[in-house]
Structure formats: C-alpha cells, structure tokens
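Enquirer: Submitted below is the structure of interest, expressed as structure tokens.
What follows is calculated from the coordinates using simple rules that are stated; it is not laboratory data. A quick note: this is a predicted structure, and the numbers were derived from the prediction, not measured. In this analysis, Cβ positions are derived from the backbone assuming ideal geometry, glycine residues included, and neighbour counts consider all displayed protein chains.
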Amino acid sequence: MNRSVSQKNIKLARNLIIVAIAMFGFGYALVPIYDVLCEWKWIERDRPDAIKQAKENAYEVDKSREVTVEFVASLNENTPMVFYAETQKLKVNPGEYHTVNFHAENKTDKAINARAIHSFSPAVVSSFVDTITCFCFDEQLFEPKETKTLPVRFAVNPEMPSQYKTITLSYTFFDRTENQ
C-alpha cells in the first residue's frame, strides 16, 4: 500500500512539473502569437506617410446622443517610462472629431524605442472608432529624460449601435529598444 501511494505521488509530481513547463512555454509563446494574430495592425508602420495621414470623414454629428470615451494609459512592466492620458473621460457626440493628448516621459539616461499598442473595449466598437492621428501608428524614440505630448485624434462613427454608451480606448507602451 505504501508503494502504491508513493508511485501515485511521483506520478502527480511529474504531471505538475509537466503542466508548469507547459504553462511557462505558453506564456513565453504569447508575444510571437500576438504578433502573428495582430500582424495587420503592424502593417501601419510600413505604410507611406501619405496613407497614414487619413482624412477626416465628414460625418453628420448625432447631437441626440452622447458616448462616454474613457482613456487608459499603461506601461508594460519592463518599460521605464511615465505614461498617462491628459483626459481620463470625454463625452462626445458621434460624428464629432476630438483630440486627446497623452504624455510620456523617458525616466532613464538612455534612449528608448517604444511602441504603443491600442485596444478597444468592448472590442466590437473598434470598427466604429475612426482614428486619424495616433502615436500608436509608429514607434516612438525617446531621448534620455525626454518628455513628449502625444496626440490622438478620433471620432466615433454615428453608425455605432446606440447600445454602446461607454467605450474605452486603451494604450500600452512596450520598450522595443533591444529589438532594434
């Protein structure tokens, strides 16, 4: 009986080690997986500036409703910067263009190449947010101790379903200096 319990414990320990190794491997593989799945977002950086400079659509402003747009700024844990949105929340009428500034500061004595990735919540609204200007279109070079004001110009398409009253635009900066 003792031998049976000992064998079961060894088998359990082996399975737990295999699960831990698999979890580590999956976590390590998430960045390349993300790059592959979201490659269409990265194509923006390779486009000529004339294409990046999208023109504002002439929407008819829907004054009958308001949408609250929340702005979230965050940093990858390995990015030695300060990053925040000047405006945390903004009430907009669909169809109106607005510019919101973000501020970023390199806290180190070395130059940093950083890239911001944006996301939307709920995700379905991403096709209804028309972003004209965004620091997330290009990698940003920050000289030592440099501070930058980074604008985002956007409009909420009036065709967005009225069930969405609040949307969140989130930007996360990643330090890409070592990838250069």
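Enquirer: For the cross-link pairs Lys91/Lys145; Lys145/Lys165; Lys91/Lys148, which exceed 30 Å when the distance is taken from alpha carbon to alpha carbon?
Expert: Violating the 30 Å limit, Cα to Cα: Lys91/Lys145; Lys145/Lys165.
Enquirer: A follow-up question, please. Build a GNM of the chain with springs between Cα atoms under 10 Å: which of Asn157, Asn76, Asn15 gets the top mean-square fluctuation?
Expert: Maximum among the listed residues: Asn15.
Enquirer: Applying 1/(1 + (r/R0)^6) with R0 = 41 Å to the Cβ-Cβ distance of Val5 and Glu139, what FRET efficiency is obtained, to the nearest 0.05?
Expert: Working: r = 57 Å, r/R0 = 1.39.
FRET efficiency, Val5 to Glu139: 0.10.
Enquirer: Between exposed trypsin sites (Lys or Arg not before Pro) in the chain, where DSSP calls loop and at most 15 other Cβ atoms lie within 10 Å, what's the longest gap?
Expert: 1-54
Enquirer: Obtain the nm distance between the two label points defined at Tyr84 and Thr131 by a simple spin-label model: each point lies 7 Å from its Cα along the Cα-to-C-beta direction.
Expert: It works out to 2.2 nm between the two label points.
Enquirer: Against the longest alpha carbon principal axis of the chain, how many degrees, from 0 to 90 and to the nearest 10, is the axis of helix 2-37 turned?
Expert: 20 degrees
Enquirer: Something else about it: Could you work out the pair-distance distribution P(r) of the chain from its alpha-carbon pairs, with 5 angstrom bin width and percents rounded to whole numbers?
Expert: Reading upward from the zero bin: 1, 7, 13, 16, 15, 13, 10, 7, 5, 4, 3, 3, 2, 1, 1, 0.
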